[in-house]
Amino acid sequence: VVNTLTGAQTGTTLTLPGEQFGSRLASLDGSRALIVTSVYDGRTSTNNLRLAVIDTTTGAQTGATTTLIGFLNGGVLYSADTTRAVVTAISSNFNTTGVATTQVAVIDTSAGNQVGATLTLTPDNGLTVLSANGVRALVNTSAQTVVLNTVNGSEAGTLAGARAFPLLTPDGSRAVTATIDYNWFTRAYTTHLSVAQIV
């Protein structure tokens, strides 16, 4: 961290494993930065995503490092006030379990710690959206759509059936999802839209 008024370094240099990928300021006042690194192990063909929050007023890490299995998927999502970040990682797991997974974690950017436990879903082709107020996230893996409570990091429910292209209202109270079908006889697609109330 460098003080741009004086040109002097703030704190000491922090060394993190892996290659920086997708880091950015994570607070409206610039006092926090979420540092995202990708650690690839060529011996096992596996990747870990590591998330660390830096206090830019001291140059030190605040909170604990969060680790997810896989590669960053779709970038880090931030609530409008930047106090919550939702991170999604996807992995084929070919050389470990052989089961493709989507992992999701919620980070409290003020304290620098993960909120709740890591959510692990299958398969690995998911899409995550976050409400503007940051209290609800929808995690869609094409096979399932899960509602995530970002206040405590817990799963708040599941929308039945395969859904696609999830949308959330700004307050996170309603979701719009689509189910797409292809008719091989008519060679035409149809899209079925569903609206769900989220509590």
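The values are calculated or read from the model by the stated rules, or taken from the named source; none is laboratory data. Keep in mind that what you see is a predicted model, and the values were worked out from it rather than measured. When we count neighbours, we look across all protein chains shown, and the Cβ atoms used for this are built from the backbone with ideal geometry, even at glycine. When the accessible area is computed, the model is the full protein with side chains, heavy atoms only, and any ligands, DNA or RNA have been set aside. Shrake-Rupley method; radii C 1.70, N 1.55, O 1.52, S 1.80 Å.
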Once Lys and Arg are counted +1 and Asp and Glu -1 for all other residues with Cβ under 14 Å from that of P166, the total becomes +3
Neighbours of T118 by Cβ distance under 14 Å: Lys/Arg at +1, Asp/Glu at -1, summed charge 0
So for region 30-174, using the alpha carbon gyration tensor with a ≥ b ≥ c as root eigenvalues (a/c under 1.5 gives rounded; past that, a/b versus b/c decides prolate or oblate), I'd call it oblate
Counting only residues 5 or more apart in sequence or on a different chain, those whose built amide H sits under 5 Å from that of T46 are D41
Expected sort for 71-81, 47-57, 13-23, 91-101 on mean C-beta neighbours within 10 Å, highest first, is 47-57, 71-81, 91-101, 13-23
In Å², rounded to a whole number, the accessible area per residue of region 1-95 with probe 1.4 Å is 54
Computed over region 1-76, the relative contact order (Cα-Cα under 8 Å, seq sep at least six) in percent reads 25
The relative contact order of the chain, taking Cα pairs under 8 Å that sit 6 or more residues apart, comes to a percentage of 12
Length-normalised contact order of region 66-138, Cα under 8 Å, at least 6 apart, in percent, tallies to 30
With the charge dipole of region 1-111 built from beta-carbon charges (+1 for Lys and Arg, -1 for Asp and Glu) about the Cα centre, the Cα from A33, Q61, A89 projecting farthest to the positive end belongs to A89
Row for region 1-86, column shape: gyration tensor on C-alpha, a ≥ b ≥ c, rounded if a/c < 1.5 i.e. under 1.5, prolate if a/b over b/c, else oblate; value oblate
Listed residues G42, G157, G116; largest mean-square fluctuation, Gaussian network over the chain with Cα springs below 10 Å, found at G42
Applying the gyration tensor rule to the Cα atoms of region 91-130 (axes a ≥ b ≥ c; rounded if a/c under 1.5, else prolate if a/b exceeds b/c, else oblate), the class is prolate
Lys and Arg at +1, Asp and Glu at -1: neighbours of I180 with Cβ under 15 Å from its Cβ sum to +1
Among A64, A164, A105, the residue with the largest mean-square fluctuation in a Gaussian network model of the chain built from Cα contacts under 10 Å is A64
In whole percent, the fraction of accessible protein surface over the chain that belongs to carbon or sulfur atoms, probe radius 1.4 Å, stands at 56
